Each structure stands twice: as C-alpha cells, then as structure tokens.
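Worksheet: the structure to be examined is printed underneath.
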Amino acid sequence: MVVASGFKWMFLILGTMIGAGYASGRELWQFFGDESALAIILFSILFTLSLFVVMSISRNMRTQHYTPVLIKLLGEKMAILYDGLIFFYLFSTTVIMIAGGGAALEVLNIPYWGGIIFISLCLIGLFIAGNKGLVTMNTIVIPLLIVCLLGLLIKFTNGADHALQIHWDKQSNWHAAFTFTSLNVVSLVAVLGGVGGEIKSKGEIWIASIGSGLILGAISFIYNQSLLHVASEMPLYEIPLFALLKDFPYVMTITMSGLLWFAIFTTAASGMFGLTTRLRSRFNGPLWLLTLILTLCMVPLTTLGFSTLIAVLYPIYGILNLYFLACILIYPIMSLQPKSST
C-alpha cells in the first residue's frame, strides 16, 4: 500500500514537471545547455530535498491548499506576498501550457486555435471528476511518456556523431541548478499542498521524492546532452524536441507529438488544480466551474506564443523564487532549533 501510494504521488509530481516547457526541451535549453552536467546533478539533489520538505509539511498539516505550507515556511507576512506571486505564476504558466497545447498539435496540421480550444475543453472535462481525475490520469500517462521519451533520447544518442560527451573541467553553468529548481518547486508546492491530507505515511514521501529526483535528473541529463548536438538548429523550432525527431520516421514524430500533448495537458491540469483549490477556499463552487472561468480568462493571453512566454517569464520566476527555495532548504535545520520561551 505504501509503495503504491508513493508511486501515485511520484507520478503526480512528474506530471506537474514534465509539461510543455520540459518535455518539449524548451525549458531545459533555456536554463542549461553547454557546460551544465554538474548543474543538472545539483538540480536533482535540490529537487529531492525540496520535495521531501514540502510533502512532510503538507502531510503534517493535513493541507487542502498551499497557503498553510507558505505560512509554515515563510511566516505570515511573506506568505501573503508569495501567495499572490504563486497565484500569478500558476496562472501564467497554465497559459503557457495551453499555448503549448496549440503549438504541439500544429505538427498534425491542426490549426493553433483549434488546439487551444481542444485542450481548454479537456481541462474543463477533467475536473468534473475532481482531483481524482488528475491523479488517475498522471498514473496512466506519465509512465508511458517517460518510457517513450527516454527511448527516443537513447536512440538519438546511440546514432552517429550523437554520443554523450562531457567535459567535467568545464562546468561554468552550475548555478543554473538553483534557478531551475526554484522555478519548478513553486508549482509543486501548489499541487502537493492540495493533497496533503491524503498523504498517509513517511514512506510515501521517501518514495515519491527520491524517485522523482532520480528520474528527472536522468532524463534532464540525457535530454540536455542530446540538444547540444542540434544547438545550431534550435532557432528554427518552436519545440526543440522536433529538432531531435527530424531524421526519425514520420510515425515517430506523430507518436511523440501525441505524448507531448499529454505532457502539456497534465501540467496544465496541475496548474489549474493549484489555482482552483486556492480559489475554492474563498469561493464556493465545483472545480469544473472555477476551471471554466479561469480558462476563459487565459485563452486570450495565448496569442503571445509558447516560446516567447517561456523565454520571458521563466527566468524571471526562477530568480524571484530563489528566496522561497532557500527557505525550503533551511527549514529542516530551523525546525530543529529550540523555541525561545516567553
């Protein structure tokens, strides 16, 4: 039971992470690129530690949304500031996911706006089943996506002139690990804070945090090294993954486009879950109705484009959230300090 539950939360975490920015390669390329092997290893460690802390707090407080986690980590005054920042972050990144959903289907000759409408309707339909629909979907889709993505990357690196080459003496981009972790941990706080009351044991937390860190570290490492081989062609592609697929059979492009869309959808759903659970603490209403209202607000903003949104917003969020990441990492130490008596 503990193992099954641990894997359930792990797939929820991976579903939140492996979305439009990550699975497409755009987010990895934005932060990493050349001389980043050490940065990715550091990211894997920081990400695992952050997950363990956030899940432990959520479980201990039996949370239903992310605000109690913020107060525990930041104090009440800073929690108010980050509450607004996280809400805006979730809103804007969900816009990015919806835009990515439209871009991903263009390879199938589906118009951009047709893809936008399709993913919006799917989001509304998913939340008719509440949060159980989200967890179930991640348990089914994410293992398939991971297997196919790793298979593609391994096949690519085994090709001629695509072997992994790492120069450990040149790792100047190590600091990217901190901004990349801080960017992604915020959305996970929002999602995990919404299910804290359902986490039953420490064993589930160990499995979910270590498993997620190892899997994402391995995929990020291979993916980034693969993208280095097509760096000169990157400006030609809205979605870098398609630069790796250009020499593969067309059926592979179709298959990965479908899986990429599901990755985008799972992250859009996770972002929407964080938003709706936060709103529901103030406004009564079913998740699907709140999703409908939010989607109607988001769709007009998708005109900015997928890669533009990532290039502008993600680095800004990564820097703004560094303080939040620092609070997460020092929380275990601070919690051991004896409280002063009055």
Evaluation of Ile80 against (1) of a type in the set (A, V, I, L, M, F, W, C); (2) open to solvent by 40 Å² or more (accessible area, probe 1.4 Å); (3) modelled with pLDDT under 85; (4) part of a helix (DSSP H, G or I) (one fails), failing number: (3)
Any residue at all in segment 57-68 that's open to solvent by less than 10 Å² (accessible area, probe 1.4 Å) and of a type in the set (D, E, K, R)? no
Output the number of the condition that Ile110 fails; it satisfies all remaining conditions of (1) over 27 Å from Leu214 (Cβ atoms); (2) among the hydrophobic types (A, V, I, L, M, F, W, C); (3) part of a helix (DSSP H, G or I). (3)
Out of all the residues in segment 1-57, which are touching a Phe, Trp or Tyr at 6+ places or on another chain (Cβ under 8 Å) and among the charged types (D, E, K, R)? Arg26, Glu27
Evaluate segment 196-210: report whether one residue or more is in contact with a Lys or Arg (Cβ under 7 Å, 6 or more places away or on another chain), surrounded by fewer than 20 Cβ atoms within 10 Å (Cβ to Cβ) and at pLDDT 80 or above. yes
Quick one: what pairs do we get from segment 1-16, first residue farther than 24 Å from Met97 by Cα and touching a residue at least 12 places away in the same chain (Cβ under 8 Å), second surrounded by fewer than 24 Cβ atoms within 10 Å (Cβ to Cβ) and acidic (Asp, Glu), C-beta under 7 Å, 6+ apart or different chains? Val2/Glu204; Ser5/Glu204; Gly6/Glu204
Helices (runs of 4 or more DSSP H) enclosed by segment 2-47 - at least 2 residues per element that are among the hydrophobic types (A, V, I, L, M, F, W, C) and within 21 Å of Thr255 (Cα to Cα): 2-17, 20-23
For segment 112-125, indicate whether the set of residues that are under 22 Å from Gln64 (Cβ atoms) and either touching an Asp or Glu at 6+ places or on another chain (Cβ under 8 Å) or surrounded by 21 or more Cβ atoms within 10 Å (Cβ to Cβ) (or both) is non-empty. yes
Can you name every residue in segment 194-206 that is more than 18 Å from Thr136 (Cα to Cα) and in contact with a helix residue (DSSP H, G or I) (Cβ under 6 Å, 6 or more places away or on another chain)? Ser201, Gly203, Ile205
Of everything in segment 211-250 that's open to solvent by 10 Å² or more (accessible area, probe 1.4 Å) and among the aromatic types (Phe, Trp, Tyr), which residue is modelled with the highest pLDDT? Phe221
Contacts under 7 angstrom Cβ, first residue in segment 278-292 being under 13 Å from Thr94 (Cβ atoms), partner part of a loop (DSSP other than H, G, I, E, B), 6 or more apart: Arg278/His65; Arg278/Tyr66
Name the single residue that is most open to solvent (accessible area, probe 1.4 Å) among those in segment 8-54 being over 17 Å from the mean Cα position of the chain (by Cα) and modelled with pLDDT under 90. Asp34
Of the residues Ile86, Ile128, which is in contact with a Phe, Trp or Tyr (Cβ under 7 Å, 6 or more places away or on another chain), among the hydrophobic types (A, V, I, L, M, F, W, C), open to solvent by 40 Å² or more (accessible area, probe 1.4 Å) and in a helix (DSSP H, G or I)? Ile128
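The values are calculated or read from the model by the stated rules, or taken from the named source; none is laboratory data. Being a predicted model, the structure only gives us computed values, none of them experimental. With ideal geometry, Cβ positions are generated from the backbone for all residues, glycine too; neighbour counts draw on all protein chains shown. Keep in mind that these areas ignore ligands, DNA and RNA; they rest on the heavy atoms of the full protein, side chains included. Shrake-Rupley method; radii C 1.70, N 1.55, O 1.52, S 1.80 Å.
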